[in-house]
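The values are calculated or read from the model by the stated rules, or taken from the named source; none is laboratory data. Worth saying up front: this structure is predicted, and the values here are computed from it rather than measured. Positions of Cβ are backbone-derived with ideal geometry, glycine not excepted, and every protein chain shown enters the neighbour counts.
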Amino acid sequence: MTLCDKACVTGIGETAYVRGSTKSAFELQLEASLKAISDAGLDPKQIDGVIPIGIVTGSAEDFIDNFGIPDLRFSAQIPHGGASPVMALQCAAAAVAAGVCDHVLIAFGRNVTAAAATKAGARIHTMPQFHYVTEFEYPLGNVAPAQIYAPMARRHMELYGTKIAHFGEVAVAHRQHALLNDNAVMKKPITLEDHANSRLIADPFRLLDCSLESDGGAACIVSSAERAADLRHHRVFISGAAEGHPDQPASITQRPDMTSLGISKAAQRAFRMAGVTHADIDVAEIYDCFTYAVIRQLEDLGFCKKGEGGPFVEGGRLRLDGSLPTNTHGGLLSQAHVWGLNHIVELVRQLRGDGGRAQVKGAEVGLVTGYGDLGDGAVAIMRRD
């Protein structure tokens with residue numbers, strides 16, 4: 001059995017992305033959910049599956065109560081940080097393909113100003129591999145994501161000659177795209193020089209290498225392909241989906257290859273399931289917690305060989321007029337940090353032809369990734385009807 005084209009993303013929704021929201025994370029989650037349900041042309045009571053995402057999130061029962069769902073037939077939780085939304089696509093596709101339910105809601109909400117427990121660094125305390133962090137990283141003073149992932153980036157630089165300017169190429173491309181997006185937090189242009197001169201956070205990461213702390217919510221609806229045919233939009237099929245986890249041990253600094261990511265295991269399965277090649281990908285939405293993460297994922301996805309990700313992003317390749325437009329909404333670096341569910345929303349928008357000023361002309365096949373914890377990865381390949 002294959003999940004290829006058995007499910008579609010039929011609805012997308014997102015709140016305004018801001019700093020200092022007065023709404024709770026769950027209120028933002030509900031707001032985005034209602035927008036996605038409306039976008040699909042559904043009634044909240046027709047939702048019969050739910051996968052809530054996030055550190056602070058509603059339970060299945062919360063969605064039943066708030067939406068008056070009469071018969072919720074499927075629910076799941078996926079605790080893998082930024083990889084969770086794309087992993088949830090695979091989970092939801094499997095559920096609707098098996099006939100367990102018809103319409104699965106995937107929803108996220110986040111307010112980092114409400115409490116310290118919702119900040120990005122707090123995610124470390126909920127990681128399944130947290131005991132590795134406390135054993136190997138904490139004693140050295142590494143307590144924040146930038147500190148924990150920095151050795152991976154530095155190792156890649158030492159092994160392959162990756163440069164700060166390569167990280168800058170990613171940051172500048174994403175910022176250029178954010179300038180075309182009315183719902184993006186960052187609205188000031190940046191240059192490669194701005195990136196190189198931004199303050200050091202954790203060597204080699206500078207401020208402009210790091211994703212945002214922002215408030216907002218995003219959601220999508222996954223429906224069976226049959227049900228999707230009767231809904232509002234052109235169908236956007238989930239043609240390939242896979243998840244992968246890094247080599248053991250879970251601690252980044254203790255692995256034989258510190259730069260290894262789980263997405264390398266998922267990519268081949270996703271491409272094989274979708275029956276497409278890298279040349280078929282018109283647009284990519286790649287999880288960008290840090291600029292380096294984009295470069296490594298491009299390698300593990302197979303767009304270039306390992307170690308060649310730096311040169312690959314040179315010359316504006318990731319920009320809207322480049323050969324692989326990437327994070328056309330601005331990404332986590334410049335639009336907003338909602339664990340990458342905004343990447344799914346953007347890919348669906350692109351494949352519908354609703355990308356506005358950032359629309360990739362003729363986009364028919366696209367790719368979205370998730371990256372979480374200490375190297376968990378997920379890939380989904382979608383195509384328009």
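Here is a list of conditions, (1) surrounded by fewer than 23 Cβ atoms within 10 Å (Cβ to Cβ); (2) touching a residue at least 24 places away in the same chain (Cβ under 8 Å); (3) not β-branched (Val, Ile, Thr), and Arg199 meets all of them except one; can you say which number that is?
With (1) surrounded by fewer than 23 Cβ atoms within 10 Å (Cβ to Cβ); (2) touching a residue at least 24 places away in the same chain (Cβ under 8 Å); (3) not β-branched (Val, Ile, Thr) applied to Arg199, the lone miss is (2).
Return a yes/no flag: does the stretch 328-347 have any residue that is closer than 27 Å to His80 by Cα and surrounded by fewer than 24 Cβ atoms within 10 Å (Cβ to Cβ).
To start, the set of residues in the stretch 328-347 that are closer than 27 Å to His80 by Cα comprises 328-347.
With surrounded by fewer than 24 Cβ atoms within 10 Å (Cβ to Cβ) added as a condition, the list becomes none.
No; the residues of the stretch 328-347 include none that is closer than 27 Å to His80 by Cα and surrounded by fewer than 24 Cβ atoms within 10 Å (Cβ to Cβ).
Could you look through the stretch 313-327, keep only residues that are surrounded by fewer than 16 Cβ atoms within 10 Å (Cβ to Cβ) and of a type in the set (D, E, K, R), and pick out the one that is nearest to Glu243 (Cα to Cα)? Talk me through it step by step, then tell me what you get.
Initially, the stretch 313-327 is screened for residues surrounded by fewer than 16 Cβ atoms within 10 Å (Cβ to Cβ), giving 314-316, 321-323.
From what is left, the residues that are of a type in the set (D, E, K, R) are 314, 321.
Values: Glu314: 28, Asp321: 30 Å.
Here the answer is Glu314.
May I ask you to say which residue of Arg155, Arg175 is within 25 Å of Gly262 (Cβ to Cβ), at pLDDT 85 or above and basic (Lys, Arg)?
Working: Arg175 fails: within 25 Å of Gly262 (Cβ to Cβ).
Result: Arg155 is the single residue among Arg155, Arg175 that is within 25 Å of Gly262 (Cβ to Cβ), at pLDDT 85 or above and basic (Lys, Arg).
Among the residues that make up the stretch 351-369, is at least one of them surrounded by 24 or more Cβ atoms within 10 Å (Cβ to Cβ), in a helix (DSSP H, G or I) and of a type in the set (A, V, I, L, M)?
Yes: the stretch 351-369 contains one or more residues that are surrounded by 24 or more Cβ atoms within 10 Å (Cβ to Cβ), in a helix (DSSP H, G or I) and of a type in the set (A, V, I, L, M).
For Leu105, state whether it is at pLDDT 95 or above and under 20 Å from Leu347 (Cα atoms). Quick ask: steps written out before the conclusion?
Details: at pLDDT 95 or above: yes; under 20 Å from Leu347 (Cα atoms): yes.
Taking the combined requirement at face value, the residue satisfies it.
Given the options Thr2, Thr57, Thr22, name the one that is farther than 29 Å from Val276 by Cα, in a loop (DSSP other than H, G, I, E, B), touching a residue at least 24 places away in the same chain (Cβ under 8 Å) and of a type outside the set (Phe, Trp, Tyr).
Working: Thr2 fails: farther than 29 Å from Val276 by Cα; Thr22 fails: touching a residue at least 24 places away in the same chain (Cβ under 8 Å).
Thr57 is the lone residue from the list that is farther than 29 Å from Val276 by Cα, in a loop (DSSP other than H, G, I, E, B), touching a residue at least 24 places away in the same chain (Cβ under 8 Å) and of a type outside the set (Phe, Trp, Tyr).
Can you tell me which residue is surrounded by the fewest Cβ atoms within 10 Å (Cβ to Cβ) among those in the stretch 210-229 that are in a loop (DSSP other than H, G, I, E, B) and touching a residue at least 12 places away in the same chain (Cβ under 8 Å)?
So in the stretch 210-229, the residues in a loop (DSSP other than H, G, I, E, B) come out as 211-214, 229.
Those still in the list that are touching a residue at least 12 places away in the same chain (Cβ under 8 Å) too: 211-214.
Numbers: Ser211: 24, Leu212: 21, Glu213: 16, Ser214: 22.
For the stretch 210-229, the residue satisfying everything is Glu213.
Just need a number here: residues in the stretch 278-317 that are basic (Lys, Arg) and within 18 Å of the chain's Cα centre (by Cα).
Filtering the stretch 278-317 down to residues basic (Lys, Arg) leaves 296, 305-306, 317.
Going one step further and asking which of them are within 18 Å of the chain's Cα centre (by Cα), we end up with 296.
Of the residues in that region, 1 qualify.
Just for the stretch 33-53: of the residues that are aliphatic (A, V, I, L, M) and outside any helix (DSSP H, G or I), which one is surrounded by the fewest Cβ atoms within 10 Å (Cβ to Cβ)? Break it down stepwise before answering.
Initially, the stretch 33-53 is screened for residues aliphatic (A, V, I, L, M), giving 34, 36-37, 40, 42, 47, 50-51, 53.
Now restrict to residues that are outside any helix (DSSP H, G or I): 42, 47, 50-51, 53.
Numbers: Leu42: 21, Ile47: 26, Val50: 28, Ile51: 26, Ile53: 27.
Going through the qualifying residues, I end up with Leu42.
Picking from Leu30, Leu72, which residue would you name as being in a helix (DSSP H, G or I), buried (at least 16 other Cβ atoms within 10 Å of the Cβ) and in contact (Cβ under 8 Å) with a residue 12 or more places away in the chain? Don't jump to the end; show me each part of the working.
On the way: Leu72 fails: in a helix (DSSP H, G or I).
Only one candidate passes the filter, namely Leu30.
Please count how many residues of the stretch 258-297 are closer than 26 Å to Ala196 by Cα, of a type in the set (Asp, Glu) and outside any loop (DSSP other than H, G, I, E, B).
Count: 1.
Can you say whether Thr326 is among the β-branched types (Val, Ile, Thr) and touching a strand residue (DSSP E or B) at 6+ places or on another chain (Cβ under 7 Å), as far as the supplied structure shows? Walk me through how you get there before you give the answer.
Numbers: among the β-branched types (Val, Ile, Thr): yes; touching a strand residue (DSSP E or B) at 6+ places or on another chain (Cβ under 7 Å): yes.
Here the answer is yes, as Thr326 does meet what is asked.
Filter the stretch 235-250 down to the residues that are over 18 Å from Gln297 (Cα atoms) and of a type outside the set (Gly, Ala, Ser), then identify the one that is surrounded by the fewest Cβ atoms within 10 Å (Cβ to Cβ).
Per the stated criteria, the residue is Gln248.
The conditions are (1) basic (Lys, Arg); (2) touching a Gly at 6+ places or on another chain (Cβ under 6 Å); (3) crowded, with 21+ Cβ neighbours inside 10 Å, and Arg232 fails exactly one of them. Which is it?
Of everything listed in (1) basic (Lys, Arg); (2) touching a Gly at 6+ places or on another chain (Cβ under 6 Å); (3) crowded, with 21+ Cβ neighbours inside 10 Å, Arg232 misses just condition (3).
Show the residue pairs meeting these rules: Cβ distance below 6 Å; 6+ apart or different chains; first residue within the stretch 300-312 and surrounded by 24 or more Cβ atoms within 10 Å (Cβ to Cβ) and outside any helix (DSSP H, G or I); second residue modelled with pLDDT of 95 or more and among the aliphatic types (A, V, I, L, M).
So the pair list comes out empty.
Ile124 passes all but one of (1) among the hydrophobic types (A, V, I, L, M, F, W, C); (2) modelled with pLDDT of 95 or more; (3) out of contact with any Ser or Thr (no Cβ under 7 Å at 6 or more places or on another chain); which number fails?
With respect to (1) among the hydrophobic types (A, V, I, L, M, F, W, C); (2) modelled with pLDDT of 95 or more; (3) out of contact with any Ser or Thr (no Cβ under 7 Å at 6 or more places or on another chain), Ile124 is out only on (2).
Restricting to the stretch 1-23, and then to whatever is surrounded by fewer than 18 Cβ atoms within 10 Å (Cβ to Cβ) and among the small types (Gly, Ala, Ser), can you tell me which residue is modelled with the highest pLDDT? I'd like the intermediate steps shown before the answer.
Of all residues in the stretch 1-23, those surrounded by fewer than 18 Cβ atoms within 10 Å (Cβ to Cβ) come to 1-2, 16, 18-20, 22.
With among the small types (Gly, Ala, Ser) added as a condition, the list becomes 16, 20.
Numbers: Ala16: 98, Gly20: 91.
Going through the qualifying residues, I end up with Ala16.
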